[in-house]
Amino acid sequence: MRNDQSQHIVIEEQGLRDGFQSEKIVVPTERKLEIIDALADAGVPRIQVCSFVHPKRVPQMADAEAICRGLRRRPGVIYSGLVLNLKGVERAVDAGLDHVAASISASDTHSRKNTGKGLEEVQAGYAEMVRTAKDAGLTVRGGLQCVFGCRFEGAIDPDAVLDLVKRHLDLEIDELALADSTGMADPRSMTDLMGKILELAGDKPVILHLHDTEGRGLANALAAIQAGVRYFDTAFGGMGGCPFIKGATGNIATEDLVAMVERMGMTTGIDIRAVAEISRSLEGFFDTQFPGSMHRVLGNDAIKVVL
Ligand code: ZN
């Protein structure tokens, strides 16, 4: 079945990685494991549980190995780890993960600032990362960051993105992911580019990672759904950011996207009341308010919500 004929939306929860890495307070490992269990109980089919980055650079993810060791795996749930270099892939393999998400930037300047290497140099190393993970029997989600814009370069040339996508698909990745890391996309650029990318990807799942930095997150998700995208990254309560992208704020909220698509007659299999409870308990933990809407609405007994 082609992606675009399904009425089912597949969600990957990114709050434990994209969300937690943007907060100063480090969440204890056991609490993370409880949240992973609660997400699986709520029917979330894919969970990014950690990233294998340098613990000094991202101390919030320093317990990646402990998280993988402690996973109480549920059948059918994909547990994913983010890897940004070969060392990360080797750590993920040693930690016993079955699935990694690797990604490089679509912006040369962002790539140089983030990794110290330009796009050409990064791609050679990237191919080796994918091959190493595949050789170890892992499934690989290969992705591009900053697809719809970069704070250093501004708009990214769509033809250059399509060229990078083709080169990605040549690496025999299992899934293709595109990130609007800076939240600069708009519904029209989304429809135009995702239509072309879905053509190139054929039957390979295409996952979209959207940030709501400029307030167009859900509008962009809707445009992508209309273009045929069925896989989305989201974060509980709309947590998130990127420590290396200035002004990068939250992901689209899991509860908000699920509520929207289910109201439109699509399915996700996710109990958003249960996810909203996780978000509200974490707001208490971090002593903050997350930017999403539905987790707060669902926590207010005075508001009768029709789901
Ligand atoms: Zn992100």
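The values are calculated or read from the model by the stated rules, or taken from the named source; none is laboratory data. Everything numeric in this text was worked out from a predicted model, so none of it was measured. Positions of Cβ are generated from backbone atoms using ideal geometry, with glycine treated the same way; all protein chains shown enter the neighbour counts. Keep in mind that these areas ignore ligands, DNA and RNA; they rest on the heavy atoms of the full protein, side chains included. Shrake-Rupley method; radii C 1.70, N 1.55, O 1.52, S 1.80 Å.
Check off (1) among the aromatic types (F, W, Y); (2) crowded, with 21+ Cβ neighbours inside 10 Å; (3) modelled with pLDDT of 95 or more for F290 and give me the number that stays unchecked.
Condition (3) is where F290 drops out.
Being over 18 Å from T254 (Cβ atoms) and in contact with a Phe, Trp or Tyr (Cβ under 8 Å, 6 or more places away or on another chain) is the filter; apply it to the range 196-220 and report the residue that is surrounded by the fewest Cβ atoms within 10 Å (Cβ to Cβ).
Selected residue: P205.
Considering the range 281-307 alone, what residues qualify as being in a helix (DSSP H, G or I) and either in contact (Cβ under 8 Å) with a residue 40 or more places away in the chain or touching a Leu at 6+ places or on another chain (Cβ under 6 Å) (or both)?
Looking only at the range 281-307, we keep the residues that are in a helix (DSSP H, G or I), and these are 281-286, 294-298.
Correct list: L282, E283, F285, F286, M294, H295, L298.
Tell me which of these A102 doesn't satisfy, since it passes every other one: (1) open to solvent by 20 Å² or more (accessible area, probe 1.4 Å); (2) within 26 Å of L171 (Cβ to Cβ); (3) not in a helix (DSSP H, G or I).
(1)
Rundown of residues vs (1) in contact with a Gly (Cβ under 7 Å, 6 or more places away or on another chain); (2) on the phi > 0 side of the Ramachandran plot, yes/no style:
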residue	(1), (2)
F236	yes, no
G240	yes, yes
V261	no, no
M266	no, no
D271	yes, no
A274	no, no
Q289	no, no
R296	no, no
V306	no, no
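Among the listed residues T268, T191, which satisfies the condition of being in contact with a helix residue (DSSP H, G or I) (Cβ under 6 Å, 6 or more places away or on another chain), hydroxyl-bearing (S, T, Y), touching a residue at least 12 places away in the same chain (Cβ under 8 Å) and open to solvent by less than 10 Å² (accessible area, probe 1.4 Å)? It would help to see each step written out before you state the result.
Working: T191 fails: open to solvent by less than 10 Å² (accessible area, probe 1.4 Å).
Unique residue meeting the criteria: T268.
Please work out which one of (1) within 16 Å of the ligand (Cβ to nearest atom); (2) open to solvent by less than 10 Å² (accessible area, probe 1.4 Å) is the condition T249 fails and give its number.
Of everything listed in (1) within 16 Å of the ligand (Cβ to nearest atom); (2) open to solvent by less than 10 Å² (accessible area, probe 1.4 Å), T249 misses just condition (2).
Report, ordered by the first and then the second residue, all pairs with beta carbons closer than 7 Å, sequence separation of six or more or different chains, a first member in the range 226-242 that is over 21 Å from V44 (Cβ atoms), and a second member that is part of a helix (DSSP H, G or I) and open to solvent by 10 Å² or more (accessible area, probe 1.4 Å).
Partner pairs satisfying both residue conditions: Q226/T191; A227/T191; A227/G195; A227/L198; G228/N3; G228/D4; G228/L198.
Say whether the condition of being of a type in the set (F, W, Y) and away from the ligand (no atom under 16 Å from the Cβ) is met by at least one residue in the range 146-155.
Yes, the range 146-155 contains at least one residue that is of a type in the set (F, W, Y) and away from the ligand (no atom under 16 Å from the Cβ).
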